[in-house]
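Every number here is computed from the coordinates shown, using simple stated rules; none is lab data. In this text the structure is predicted, and so the values were computed from the model without any measurement. In this analysis, Cβ positions are derived from the backbone assuming ideal geometry, glycine residues included, and neighbour counts consider all displayed protein chains.
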Amino acid sequence: MSESNLTIQEFVEQYAAGSKLSFQELDDLGLYPVPCDCGDWDCNGWQMATNNTPDVSELDKETGIVLMLKLARGAAGR
Ligand SMILES: [Zn+2]
C-alpha cells in the first residue's frame with residue numbers, strides 16, 4: 001500500500017487520465033472502481049473491475065457503478 005491513498009473518485013480520475021478514456025467510455029466498457037487489498041507495493045487501494053471480476057461484493061459493485069454513472073453524466077464535479 002503506497003503512502004498516497006486516493007479517494008475512489010480520485011482513483012477513477014487518474015485511471016481515466018492514464019487510459020485516455022472518458023468517464024463515459026469507461027462506463028460504456030462496464031468498468032467500475034472497487035476497493036483493492038492486493039497488498040502490491042504500488043496498490044493505491046482501488047482497482048477497476050468488470051462484471052467478470054471475481055470476489056466483488058454486491059455493495060462495492062453497486063457503489064462503483066453508481067459513481068461511474070455520476071461521473072459519466074458529469075454530475076460528480078471535479
Ligand atoms: Zn491492489
Cα gyration tensor shape for the chain, rounded if a/c is under 1.5, else prolate or oblate = oblate
Per the helix-only model, the chain has a calculated mean residue ellipticity at 222 nm (DSSP H runs of ≥4, -39500 (n - 2.57) each, divided over all residues, rounded to the nearest 500) of -13000 deg cm²/dmol
Cα-centred dipole magnitude for the chain, charges only on beta-carbon of K, R (+1) and D, E (-1), debye, nearest 20 | 380 debye
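For the stretch 1-69, which GluC sites (Glu not before Pro) are in a loop by DSSP, counting at most 11 other Cβ atoms within 10 Å?
On the way: sites: E3, E10, E13, E25, E58, E62; in loops: E3.
Passing sites in the stretch 1-69 are E3.
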Projected onto the charge dipole of the chain (+1 at Lys/Arg Cβ, -1 at Asp/Glu Cβ, origin at the Cα centre), which of P54, C43, G30 gives the Cα projection farthest towards the positive end?
-> G30
